[in-house]
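Just below is one structure, and these are the notes that go with it.
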Amino acid sequence: MSYFVYLIVSNLKNNKQVSYVGYTNNLKKRLNLHNASKGAKFTRGKKWKLVYYEKYDSKSTAMKNEFKLKKNYKLRNKIIKKNENFNLTSF
């Protein structure tokens, strides 16, 4: 089974962006849950856009890399700027 670490972004009313990092074994389903306000509590009530993901063969590797990305805000911002036009259909 494959696991994914993903980065999603939402725009706030004051033109600021917030980001969220997570891991899952079904990327499309998880993004739909976030956008239906049924994902993590932090993501409820916002519309999210997938800007980055990585695929892993093991859950433990995905969880380790998710933790690293969650804690590294500089890397998150760098990824967001690099992948502003990322499209889920490329998945």
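The values are calculated or read from the model by the stated rules, or taken from the named source; none is laboratory data. Nothing here was measured: the structure is a model prediction, and the numbers come from that model. With ideal geometry, Cβ positions are generated from the backbone for all residues, glycine too; neighbour counts draw on all protein chains shown.
Under 9 Å by Cβ, and 6 or more places apart or on different chains, what pairs join a residue from region 11-29 that is among the charged types (D, E, K, R) with one that is loosely packed, with under 13 Cβ neighbours inside 10 Å? As it stands, the answer is K28/L88, since those pairs meet every condition given.
Considering only region 1-36, how many residues are in a loop (DSSP other than H, G, I, E, B) and of a type in the set (S, T, N, Q)?
Initially, region 1-36 is screened for residues in a loop (DSSP other than H, G, I, E, B), giving 1-2, 12-16, 25-26, 36.
From what is left, the residues that are of a type in the set (S, T, N, Q) are 2, 14-15, 25-26.
Of the residues in that region, 5 qualify.
In the set (1) part of a loop (DSSP other than H, G, I, E, B); (2) crowded, with 17+ Cβ neighbours inside 10 Å, G45 fails one condition alone, (2). Filtered by the rule that a residue be out of contact with any His (no Cβ under 8 Å at 6 or more places or on another chain) and either farther than 14 Å from Y23 by Cα or assigned to a strand (DSSP E or B) (or both), region 48-58 gives K49, L50, V51, Y52, Y53, E54, K55, Y56. So, in region 9-42, of the ones that are of a type in the set (V, I, T) and either more than 15 Å from N83 (Cβ to Cβ) or modelled with pLDDT of 95 or more (or both), which residue ends up surrounded by the fewest Cβ atoms within 10 Å (Cβ to Cβ)? Among those residues, the one meeting the criterion is V18.
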